[in-house]
Each structure stands twice: as structure tokens, then as C-alpha cells.
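I have placed the structure first, in the form of C-alpha cells, so that the comments after it can refer back to it.
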Amino acid sequence: MNKGPGSFFDYVDVDSKRLQEAFFSTASSKKTGKKKIFFIFIPVGIAIIISLFLLNFELVFIPKSSQEVSSQHDLIETNQFSSIVPINQDKDLFKKTSSSVFLLIPEADKTGVAFNFNKEQNLYANNLNLWIKNATEPLSIDVIVKDANFFSNVRLPVQVKIDSQNSGSFIKIPLPLDTNKINKVNLSRIKQIKVFFSRPDPEADDIKVITSDWRKKWLIIKDITLSKKEDI
């Protein structure tokens with residue numbers, strides 16, 4: 001059959017090329033153009049989103065925690081307690097959220113809270129620390145611990161004094177447990193911690209008492225932490 005120039009097959013081939021250029025090549029070039037425009041808009045859109053984020057939010061860079069902080073074990077935040085209950089009969093002096101404990105400390109009285117552990121805690125190998133806020137007036141803290149055998153230092157509580165502090169941030173209060181004074185308590189198997197807060201005697205000569213309405217000043221316990229003792 002004749003397939004040379006001017007033949008029937010030659011016209012068919014020419015027509016096929018024209019159809020391909022008309023319907024396929026143009027569509028392909030249009031798609032390529034759309035893809036180029038699409039990829040141009042991606043970085044532009046990202047830049048707009050970043051700009052809006054920076055205009056409406058403030059970035060704060062926090063350095064990595066030091067070895068001392070990272071070695072602490074947060075007891076409230078990690079839900080290590082089976083219960084956290086008030087000791088006072090007046091329950092209006094106590095509030096609790098999932099992450100903090102709130103206490104009102106009346107004049108000439110104590111406010112207490114009991115922390116009952118899910119499992120035994122080793123306070124012989126760890127330091128016990130209390131993180132509180134709004135200690136704007138001098139306070140006294142009594143700490144009582146009870147072990148798995150129900151021995152406690154209830155007759156000789158650990159006593160800590162707090163001077164007036166800045167209420168704008170949480171402060172760390174170490175609660176030292178002297179093994180010589182509470183030698184009957186097994187500090188490696190502690191099941192409960194009781195903490196009592198009270199205001200000092202206003203008639204004491206060496207105490208400066210700030211007069212304020214204690215009903216409006218909630219003391220916040222943010223957490224109780226354990227940190228490893230360097231030397232035991």
C-alpha cells in the first residue's frame with residue numbers, strides 16, 4: 001500500500017498530529033502552568049501564616065532543664081496520690097483542682113491537708129520539697145509523715161518557718177526530715193504526708209504580722225516534689 005507523501009495514510013498521520021497538538025499538548029501545558037502557580041503560592045501562603053502567628057503570639061524560648069530540676073519527681077502532677085483531703089472540719093478552707101491545692105489560713109488556727117500515696121515513697125533517699133504561692137505573710141508549717149506500719153512523728157512534727165514572700169511566683173520550700181528526731185518512722189516506706197499551715201502568734205516580739213483579710217488570700221500548693229539526695 002502507498003504510504004508516501006500525498007497518500008491517504010499521510011493525511012491521516014498529519015491529522016492525528018494536529019489533534020494531539022490541539023487537545024493533548026495544550027492541556028498538558030495548561031496543567032504544567034497551574035502546577036507552577038500552585039507551587040508558587042505554597043511558600044507565599046506559609047509566609048503569610050507565619051507572619052500572622054508572629055503578630056498575634058509571643059514566642060518564648062525556654063532553656064533545657066538543669067540536672068537538678070530534671071531529677072525532681074513531681075507527685076501531684078504525676079498523680080501519685082490516692083487522695084488529697086482536708087484535715088480541718090471547716091471544708092470551706094480547702095479547694096482542689098487536678099493540679100493544685102488551695103487553702104485558706106484563718107487567724108489563731110491551723111489549716112491542714114493530708115496527702116495519701118498510691119504506693120510507698122522513699123523519703124530516706126529523697127529530699128521533700130513543697131512548691132507554694134501567695135505566702136505573702138509569715139507562716140509556720142508543721143509536717144507529719146506516716147509509714148506503711150502506721151508509725152509517725154505526730155508528737156514531734158517537722159517545723160518550717162516562712163517569711164513574707166513575693167506572691168507573684170511559686171517558691172520552693174524544703175521540708176527537711178531529720179532521721180535522728182523521727183527515728184521510729186521508716187522513711188523509706190512513707191504512705192502519708194500531712195502539712196499544717198498556721199500564722200505566728202501576733203504578740204511575739206520577733207514576728208512582724210501583716211494585717212489583712214485572710215478570707216481573700218488563698219495559699220496555693222502547686223506541687224510536692226522529691227529530689228535525690230547526693231549523700232545518704
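Every number in this text was worked out from the coordinates using simple rules, so none of it is lab data. The structure presented is a predicted model; accordingly, all values stated were derived computationally and were not measured. Here the Cβ positions follow ideal geometry from the backbone for every residue, glycine too, while neighbour counts run over all protein chains shown.
As an exercise, find the ratio Rg/Rh for the stretch 75-198 from alpha-carbon atoms, using the Kirkwood inverse-distance average for Rh.
Working: Rg = 14.2 Å, Rh = 15.1 Å.
Expressed as Rg/Rh, it is 0.94.
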Ranked packing of 143-149, 46-52, most packed first, by mean Cβ within 10 Å: 143-149, 46-52
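Residue separation times 0.36 nm, minus the C-alpha to C-alpha distance between residue 169 and residue 108: what's the value?
Details: separation 61, 0.36 × 61 = 21.96 nm, distance 2.63 nm.
Extending this stretch completely gives an extra 19.3 nm.
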Computed label-point distance, nm, for sites residue 183 and residue 120 using a 7 Å Cα→Cβ extension: 2.1 nm
Where labels lie 7 Å past Cα in the beta-carbon direction, separation of residue 127 and residue 83 in nm: 3.2 nm
